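The values are calculated or read from the model by the stated rules, or taken from the named source; none is laboratory data. From a predicted model like this one, the values you see are computed outputs, not experimental measurements. So basically every Cβ, Gly included, is an ideal-geometry build from the backbone, and we count neighbours across all protein chains shown. Areas reflect the complete protein model, heavy atoms only, side chains present, ligands, DNA and RNA absent. Shrake-Rupley method; radii C 1.70, N 1.55, O 1.52, S 1.80 Å.
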Amino acid sequence: WYWQKEKREPYVKFMDTNYPPGFSYEDFGPLFTAEFFDPNQWADILKASGAKYVVLTSKHHEGFTLWGSKYSWNWNAVDVGPKRDLVAELATSVRNRTDLHFGLYHSLFEWFNPLFLEDATNAFKTRKFPTSKSLPELYEIVTKYQPEIIWSDGDGNAPDTYWNSTGFLAWLYNDSPVRDTVVTNDRWGAGSICAHGGFYTCSDRYNPGHLLPHKWENCMTIDRSSWGYRRDARLSDYLTIQDLVKQLAETVSCGGNLLMNIGPTHDGRIPVVFEERLRQVGAWLEVNGEAIYGTKPWRAQNDTVTPGVWYTFSPKEGKVNAIFLSWPVSGILELGEPRAKLGETQVKLSGYKELLKWVALGEKGMVIALPQLTPQQLPCQWGWTLQLTDIN
């Protein structure tokens, strides 16, 4: 898009410098080889990350499908490049080796598809593209792979009536093989984003910092400036594990889910830096998962006195979780929001056995004495959770 449509200079120059004259986008097809793609290894990394669902890009805006779609003749991973059904392989491994819900991303429109361009020229009064390509693909992936998340994207500025989104969704929720388990996002036509859908995405890297009345998802990417793999990326381009834990705490406390994107390589690998980040998040969740999984937003999302403290609520246990991102030098943490009850409220640090001492501050607020621990004795790094029980 930047190279051929917008003709941005760095991209045009990059192609001129690094590829032979006359090289077209289609020539990338055979270069996408996936020879090192090991779906079992991917599944194991995903499981180790502590994720509960995974969404694979089955087709992006350039139309290449990662399964052998009969509606994308000679422009799919079975006919060209890997000569493998990558969607089927990952779905099988995820289902055999993990308890993750398997989801698929699918782009409605395609940048350069002549049928879509023709419909756009006709102000979407004709519907050649959705009826012959986009909708048949959607029915195909649902019937064939039974994904439990359909992550739609790319409305091409066309209304939902052009895409027949309501017709497809009615089938998905009433008659499809995943009708009882499937969830969908909000990108089903111009004007539907952040307005209609099982969960809202609102924009890429959406993190409002306050509670929303509808379920939402922060879809963001570990590479600060790309959703794909960049060979020229520097270490400083990647979010640190501290950044990721902060994003997770903020997102969940405000009622969202975190969808963390990584870019695999053309030969099918998850680059080691992404694997490390995912495993680090998983290690953090092993200690602090109770403050994340199955929680609801509390009456306050973040603390009024101490910055960098985010709250969640565990309804089953009736616990308030206070996730704090920096360990105070004094060893004393002041919280402005909880209303503690003398002789009843208990304070526990996740991953640490003994109860902590605390003092109430008037009607609202409390001061908590953290245990004196060496770095080796800390239950985890990058952020910690206080579990508060019997709080008003």
Is it true that Asp119 is among the charged types (D, E, K, R), surrounded by 15 or more Cβ atoms within 10 Å (Cβ to Cβ) and under 29 Å from Leu90 (Cβ atoms)?
-> no
Is region 109-118 home to any residue that is within 23 Å of the chain's Cα centre (by Cα) and either among the aliphatic types (A, V, I, L, M) or over 23 Å from Tyr25 (Cβ atoms) (or both)?
-> no
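Residues checked against (1) assigned to a loop (DSSP other than H, G, I, E, B); (2) aliphatic (A, V, I, L, M); (3) closer than 25 Å to Gln280 by Cα; (4) modelled with pLDDT under 95:
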residue	(1), (2), (3), (4)
Pro30	no, no, no, no
Ala34	yes, yes, no, no
Phe37	yes, no, yes, no
Trp42	no, no, yes, no
Gly63	yes, no, no, no
Gly68	yes, no, no, no
Asp79	yes, no, no, no
Glu89	no, no, no, no
Quick one: is Ser58 open to solvent by less than 60 Å² (accessible area, probe 1.4 Å) and in contact (Cβ under 8 Å) with a residue 60 or more places away in the chain?
-> yes
Are there any pairs, at least 6 apart or on different chains, whose C-beta atoms fall under 7 Å, with the first in region 104-128 and in contact (Cβ under 8 Å) with a residue 60 or more places away in the chain and the second open to solvent by less than 50 Å² (accessible area, probe 1.4 Å) and among the hydrophobic types (A, V, I, L, M, F, W, C), and if so, which?
-> Leu108/Trp163
In region 188-203, is there at least one residue being out of contact with any Phe, Trp or Tyr (no Cβ under 8 Å at 6 or more places or on another chain), over 26 Å from Thr131 (Cα atoms) and open to solvent by 30 Å² or more (accessible area, probe 1.4 Å)?
-> yes
Determine whether region 285-304 contains at least one residue that is surrounded by fewer than 20 Cβ atoms within 10 Å (Cβ to Cβ), touching a Pro at 6+ places or on another chain (Cβ under 8 Å) and within 30 Å of Asp237 (Cα to Cα).
-> yes
Within region 203-229, the count of residues that are basic (Lys, Arg) and modelled with pLDDT of 95 or more comes to 2
Within region 3-11, is there a residue that is open to solvent by less than 60 Å² (accessible area, probe 1.4 Å) and not hydrophobic (A, V, I, L, M, F, W, C)?
-> no
Residue within region 310-318 that is acidic (Asp, Glu), outside the structural domain of Cys202 (by the TED database) and at pLDDT below 95 present | yes
Go over the candidates Asp204, Asp186, Asp232 one by one and state the one that is closer than 24 Å to Leu278 by Cβ and under 18 Å from the mean Cα position of the chain (by Cα).
-> Asp204
Qualifying position, being in the same structural domain as Pro213 (by the TED database) and open to solvent by 30 Å² or more (accessible area, probe 1.4 Å), among Val273, Val329 = Val273
When Ala43 is run through (1) touching a residue at least 24 places away in the same chain (Cβ under 8 Å); (2) touching a strand residue (DSSP E or B) at 6+ places or on another chain (Cβ under 8 Å), the failure sits at (2)
Would you check if there is a residue in region 351-365 being closer than 30 Å to Leu239 by Cβ and open to solvent by less than 20 Å² (accessible area, probe 1.4 Å)?
-> no
Exactly one of Trp298, Trp327 is of a type in the set (Phe, Trp, Tyr), farther than 22 Å from Gln242 by Cα and free of Cβ contacts under 8 Å to residues at least 60 places away in the same chain, and that one is Trp298
